[in-house]
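Asker: Dumping the structure here so I can ask a few things about it.
The values are calculated or read from the model by the stated rules, or taken from the named source; none is laboratory data. On a predicted model such as this, the values are computed, not experimentally measured, just so you know. Backbone-built Cβ (ideal geometry, glycine too); neighbour counts: all protein chains shown. Accessible surface areas use protein heavy atoms only, side chains included; no ligands, DNA or RNA. Shrake-Rupley method; radii C 1.70, N 1.55, O 1.52, S 1.80 Å.
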Amino acid sequence: DWRGRLGDLERQVTPYQDMAAHKHREPKEALPLFRLMVASNPKFVAAYTTGASLLASEKRLNEALAFLREGEKNNPESIEIQAALGYHL
């Protein structure tokens, strides 16, 4: 750590995880969270586009398109959702 003693001090008072052995979990585990995000905030455009991309990456294209169409209904002015629809179509 280039910060020397300040870095040591921060790690002693702040939660710290060594990222050397960090592993990612399966992205599909996050899919239910996207449904929860848009249920709590139907205007959360990034949740629709990212959730649809995850669904498409899991070979669930029809679900991805349906999710985006729901987002389009809730956010008719969103260019991001229109672009994602175009991309996945």
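Asker: Considering only protein heavy atoms and a probe of 1.4 Å, how much of the accessible area of the chain is carbon and sulfur, as a whole percent?
Answerer: Carbon and sulfur: 58 percent of the exposed surface of the chain.
Asker: If you roll a 1.4 Å probe over the heavy atoms of the protein chains, what accessible area per residue do you get for the chain, in Å²?
Answerer: Normalised by residue count, the accessible surface of the chain is 76 Å².
Asker: For the pair Asn41 and Thr14, what calculated FRET efficiency results from E = 1/(1 + (r/R0)^6), where r is the Cβ-Cβ distance and R0 = 30 Å, to the nearest 0.05?
Answerer: 0.55
Asker: Here's something else I'd like to know. Looking only at Ala21, Ala66, Ala47, which one moves most when the chain is put into a Gaussian network model with springs between Cα atoms under 10 Å?
Answerer: Judging by the Gaussian network model, the answer is Ala21.
Asker: Please give me, ordered by residue number, the chymotrypsin sites (Phe, Trp or Tyr not before Pro) of the range 1-55 that lie in loop per DSSP and have at most 11 other Cβ atoms within 10 Å.
Answerer: Within the range 1-55, the qualifying chymotrypsin sites (Phe, Trp or Tyr not before Pro) (loop, at most 11 other Cβ atoms within 10 Å) are Trp2, Tyr16.
Asker: In degrees from 0 to 90, rounded to the nearest 10, what is the angle of the helix 79-88 Cα long axis to the longest principal axis of the chain?
Answerer: The helix 79-88 is inclined about 80 degrees to the chain.
Asker: Let me ask something else about it. Under the definition of Cα pairs under 8 Å and six or more residues apart, what whole-number percent is the relative contact order of the chain?
Answerer: Computed over the chain, the figure is 22 percent.
Asker: Now for a different question. Considering the zone a paramagnetic label at Glu63 would reach in this model (a point 7 Å from Cα along the Cα-to-Cβ line), which residues of the range 1-37 have amide N under 12 Å from it?
Answerer: Residues passing the 12 Å test: 28-35.
Asker: Taking the inverse of the average 1/r across all pairs of different Cα atoms in the chain, what Kirkwood radius in Å do you get?
Answerer: It is 15.3 Å.
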